[in-house]
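Let me begin by presenting the structure, written as structure tokens, before commenting on it.
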2 protein chains.
Amino acid sequence: MKKSIKISIAQINSSLGDFEYNYEKIINNINAASLAGAELIVFPEAALFGYHPFDLLECPGLVELQLKYLKKIEKNIPFGLTAVVGLFTKNKSKLGRPYFNSVAIVTRKKKTRLFHKEILPVGDVFDEGRFIEKGNLKNNFIKVSGHKIFISICEDIWGWPDQLGRSIHSANPLTQVAKNGVDLVLNISASPFYADKMKLRQRVVQKTANYFKAPMIYTNLVGAQDEIIYDGNSFLTDAKGEVSFQLNSFKEQLAHFELTNKKLICLSKNWDRENQTKKNNKQIELLNCLVLGIQDFCRKNGFTKIHLGISGGIDSALVACLAGRALGVENVIGIALPSEFNDPISLILAKKLCENLKIKFIEFPIQKIYQASKNEIDKNFNIDQFSLVHENLQARLRGLVLMAYANHSSSLLLSTSNKSEYAVGYSTLYGDMCGGLAPIGDLTKKQVVDLCLEINRQGIVIPEKIITRPPSAELRPNQKDQDSLPEYNKLDAAVVNLVEKMLKPRNETERWTFSKLSKTEFKRWQAPPILKVSAHAFGRGRRFPISYSLK
Amino acid sequence: MKKSIKISIAQINSSLGDFEYNYEKIINNINAASLAGAELIVFPEAALFGYHPFDLLECPGLVELQLKYLKKIEKNIPFGLTAVVGLFTKNKSKLGRPYFNSVAIVTRKKKTRLFHKEILPVGDVFDEGRFIEKGNLKNNFIKVSGHKIFISICEDIWGWPDQLGRSIHSANPLTQVAKNGVDLVLNISASPFYADKMKLRQRVVQKTANYFKAPMIYTNLVGAQDEIIYDGNSFLTDAKGEVSFQLNSFKEQLAHFELTNKKLICLSKNWDRENQTKKNNKQIELLNCLVLGIQDFCRKNGFTKIHLGISGGIDSALVACLAGRALGVENVIGIALPSEFNDPISLILAKKLCENLKIKFIEFPIQKIYQASKNEIDKNFNIDQFSLVHENLQARLRGLVLMAYANHSSSLLLSTSNKSEYAVGYSTLYGDMCGGLAPIGDLTKKQVVDLCLEINRQGIVIPEKIITRPPSAELRPNQKDQDSLPEYNKLDAAVVNLVEKMLKPRNETERWTFSKLSKTEFKRWQAPPILKVSAHAFGRGRRFPISYSLK
């Protein structure tokens, strides 16, 4: 029987391109693991570089600079510990893309070994084929105190065909790997969150564990990078692929385990059972996810303040709550921008919401500037009837005021459009679409309502009427969303079917939505980054042309 | 000796997703070629579907719908003619991406053969790995009247290493193809224009021709699709890869040739020598390119009118000229939007330009709405000093007015920012960045000047002072671009080095520009589509993250 080994999992939140910061985080975790007696510590994919780099890799010298920090890890890692660290490395061949997505096996005074990712994802938000060359995972084996360990990187284990024998990958490189005598399989990932993503991960991990007849450790990055939110949720399975332990969601964590005779045991006495339970509540998970998305966008871009337009409607109410949780209510400002078309109750509700939330509230009636600009526009362009021009004008004047505030106080403006609105273009370009980030741009209206109800379950902050009143843009007298849109439950279903599930339109609402989708691509081309929380979001993961005609 | 065959090249402008339109174009060219006695007609890549589809391929049923039009071609092609037509086809295997980028070999009453593209481009604007599976080009041979013809699709011939033995492709599939006894090599392409692109194409075509010791026909798509402009410029070479004939640039063309004993001869008596000469003038080529870009964006999106803000500066002057050439001067409107900070000469020049160009001119002073919104903003946000807030406010009020005009008259607003401005964020988000298309967003300031000079060489329309006066945003008293930017010649060079050539910053201006580049990604994320005319443009071909830190 082989000697047991202690293994640490470092689920960290790396910052893209900030090698000094990432190095410090990595070496601190290495030292902590060493103190805890670990012989092996596993970091997520691209832990040293940060992820997803997109075209940042086209900046020359960056990967080389990052490799200097690998040298620092090699120099400073304590004796007796092997670190498995994700990073980018150079492709020294004259052929192929310039870099590899790699994992470095670092042990004091030993030559560092590098393995390269073989399956490079290019779907949805991923773009790995552009600067990264394909590796070959066949010989990705290391030995730690006699334990034979196979190492894979993220998509490498996603080549298993589904129940119908289908796969977007034409080959599964794992089937070429010698499977006998393996004691442990590692997968280091940077896998974005969306609802039910865990099930998909568990499936491919299970397939892989079964293939090797070995327990697995799946280490995932945590933190947000623009639109993408990595949820952590690293987990361990037995040799049958059954999950035995799961780390925090949306939080960093260093956890210690022991591998004995192909069995993984948890060494943390106070294993966070409470957190494990909370995970089962999808609404709370989604809230935490969006909060982290906003928080990391602010932190990684140097914003300490947030502001947004508060309309008295449900979308801005949710965004205000999320912002308060992300940066603290003292750093959030709600600005109400009523015009003549707003029901007076809207302003009362907006104010009440900010009071409840304890965020600063500014009332900025746009009536005067609306009247002034309407007069000038009507006069100069010979317009004599109220029309879309004037509806959009109000939305754009609000954008103008909110951007003035952004310029004045270096605060981040959050946009409050949701996915159902984006899908059909029910959002004004340069108006309510203004903002540095669109935190709920991947939520259907139903999801917005559900999250508001969840927030109130934790203690009422959103006035009930905000949740129950009929949605309205309030840009013309007595306007209601339902005057120009299908019922939200039907629209939401259409958006899920057409955008997330990519199905053909099958009923009246879906045909209408499909037509609107194709006519409004020009708006979404200019949308702010949208936090992705579904299988397929608007934003960089969905690249539609503008000029096309489907008949 | 083999019987000579007549070959037609149909350089067409397909519309993405408009299969009826593309089919009509294809069948009309087929009939004309047949009448001219051709035995072979060659269309560009994806001629039936349109190109580049991006994620349009994720709409289910589209490729299937397109295949119905392939059936129509099969049914209606005259006897005695073989058509080589680019299209997308289904991958019937359970493994791999759902489609192929294919070429169909269509002959009356014969089973249509399909060959699939092997090298799938994923750099810059290309995204072929997402929905397209890799083919194998080894057996892409057809016989026409005894002539053995090898067929390749676009990137398939781009696997040749460069002078230093380097290639971004890890393998060159052509080297696996039997090279003996080949009479002709075809390449059907959808290759975007940029300066000196012809040289690159000629190089890979020459390599390929030399490999097969056979003449080549390189057929390229023509027309614009959002940001991408295909220039046509299809050409033929002898067996040594020397160009013997070249088709029109930026125009459709059907041309007829004869293949006799591995030699291609032109059958058109009045071969357009004049056009051949014009091609040598790079400025004219670039103008034609941009005009086509605007024209096709309008045509393919149903716009018949264009408007833009005319400042009296050089950028808007150039865009106005391009717009007039694209849609006719009677369909273009220039709107001057002076504030208190504009030099009175600006308005005079703006007016003079529109008179010269014979486009409609509207003067819309923004002073009143600027004053009204400034007062309200200063009061509500406690601002007591003139600052960036008020500079941006003017730019955004102009955007507001121009968008009101867009809504009022269903006219396309063109944005007038250039590449040097975009690079350093010297353009106001939701202000002068407003627009459905940014036609000169890939031109450096120098290129803008050069094109204006070229336009005036053809007959003075741009008042000379517009070209010679120092550039200014005119957003505060006596402001000049050079107060906040490096000299344009230095800035332009930095932009070319950092963005197009992707070099490391090597001097003070380049370091400053690099830092500005990374701090202003958030603006470009929300930019309109930018017509690509360089090797590397802003827009969808350059995908930088926002949240990153380089120290």
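The values are calculated or read from the model by the stated rules, or taken from the named source; none is laboratory data. Because the structure is predicted, anything quoted here is derived from the model rather than measured. A quick note on method: Cβ atoms are made from the backbone with ideal geometry, for glycine too, and the neighbour counts reach across all protein chains shown. Note: areas computed on protein heavy atoms with side chains; ligands, DNA, RNA excluded. Shrake-Rupley method; radii C 1.70, N 1.55, O 1.52, S 1.80 Å.
Listed values, structure above:
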item	result
Estimated D of the stretch A:362-471 in µm² per second, where Rh is the Kirkwood radius over Cα pairs and Stokes-Einstein applies at 4 °C, 1.567 mPa s	81 µm²/s
Ratio Rg/Rh, restricted to the stretch B:419-464 and using Cα atoms, in which Rh is the Kirkwood radius	1.06
Cα extents of chain A along the three principal axes, largest first (Å)	85, 52, 43
Inter-part distance where the stretch B:325-371 and the stretch A:417-451 are each reduced to a Cα centre, Å	35 Å
Nearest 10 degrees, 0 to 90: helix A:388-409 Cα axis against chain A principal axis	60 degrees
Cut-off under 5 Å, modelled amide H: who pairs with B:Lys360 long-range	B:Val332, B:Gly334
For the protein assembly as shown: accessible area per residue (Å², 1.4 Å)	37 Å²
Helix B:367-380 axis, angle to chain B major axis (alpha carbon atoms, nearest 10°)	70 degrees
Paramagnetic reach from A:Lys111 (point 7 Å along Cα→Cβ, amide N under 16 Å) across the stretch A:69-90	none
Cα principal axis extents for the stretch B:462-551, largest first, Å	39, 29, 24
Heavy atoms of B:Tyr21: accessible area, 1.4 Å probe, square angstrom to 10	80 Å²
Stretch gain in nm, segment B:Lys501-B:Gln458, where the contour uses 0.36 nm per residue and the Cα spacing is subtracted	12.3 nm
Average other protein chain Cβ within 10 Å of Cβ, residues B:521-528	5
Positions from the stretch B:159-173 whose accessible area shrinks by 50 Å² or more when the full protein complex is built, not the chain alone, probe 1.4 Å	B:Ile168, B:Ser170
Binned Cα-Cα distances of the stretch B:25-91, short to long, each 5 Å bin given as a whole percent	4, 16, 27, 23, 14, 9, 5, 2
Cα gyration tensor category, rounded, prolate or oblate, for the stretch B:155-214 with a/c compared to 1.5	oblate
When the convex hull of its Cα atoms is projected in every direction, mean area for the stretch B:155-279 (nm²)	8.6 nm²
Charge context of A:Tyr430, other residues only, Cβ under 12 angstrom, K/R +1, D/E -1	+3
Reduction of at least 10 Å² in accessible surface, 1.4 Å probe, comparing all protein chains with the chain by itself, residues of the stretch A:51-73	A:Phe54, A:Asp55, A:Leu56, A:Glu58, A:Cys59, A:Pro60, A:Gly61, A:Leu62, A:Leu65
Above-threshold pairs, the threshold being 32 Å between Cα atoms, out of A:Lys90/B:Lys251; A:Lys300/A:Lys446; B:Lys110/B:Lys134; A:Lys148/A:Lys300; A:Lys138/B:Lys213	A:Lys90/B:Lys251; A:Lys148/A:Lys300; A:Lys138/B:Lys213
Cross-link pairs A:Lys2/A:Lys207; B:Lys207/B:Lys419; B:Lys72/B:Lys117; A:Lys197/A:Lys262 - those with Cα-Cα distance over 30 Å	B:Lys207/B:Lys419
Label point 7 Å beyond Cα along the C-beta direction, distances from B:Lys94 to other copies (nm, shortest first)	4.3
Accessible surface of chain A, 1.4 Å probe, proportion on carbon and sulfur as whole %	52 percent
Using a Förster distance of 22 Å, the FRET efficiency for A:Lys92-B:Leu550 (Cβ separation, nearest 0.05)	0.40
Relative contact order (%) - criterion: Cα under 8 Å, at least six apart; region: chain B	11 percent
Shortest-first distances to equivalent copies, position A:Lys490, nm, label 7 Å out along Cβ	6.3
Anchor B:Lys25: aspartates and glutamates whose Cα lies under 12 Å away (excluding residues fewer than 8 positions away in-chain)	B:Glu252
Helix B:19-35 axis, angle to chain B major axis (alpha carbon atoms, nearest 10°)	50 degrees
Paramagnetic label zone (point 7 Å from Cα along Cα-to-C-beta, A:Gln482; backbone N under 19 Å) in the stretch A:334-375	A:343, A:346
Rg/Rg_globular for the stretch B:386-447, with Rg_globular taken as 2.2 N^0.38 Å and Rg from C-alpha atoms	1.17
Positive-end residue, the stretch B:216-339 charge dipole about Cα centroid, Cβ charges, pick of B:Ser339, B:Ser244, B:Ala224	B:Ser244
Stokes-Einstein D in µm²/s, Kirkwood radius over Cα pairs - the protein assembly as shown at 25 °C with 0.890 mPa s viscosity	79 µm²/s
Shortest-first distances to equivalent copies, position B:Gly37, nm, label 7 Å out along Cβ	9.3
Where B meets A: accessible area buried, both sides, 1.4 Å probe, Å²	8400 Å²
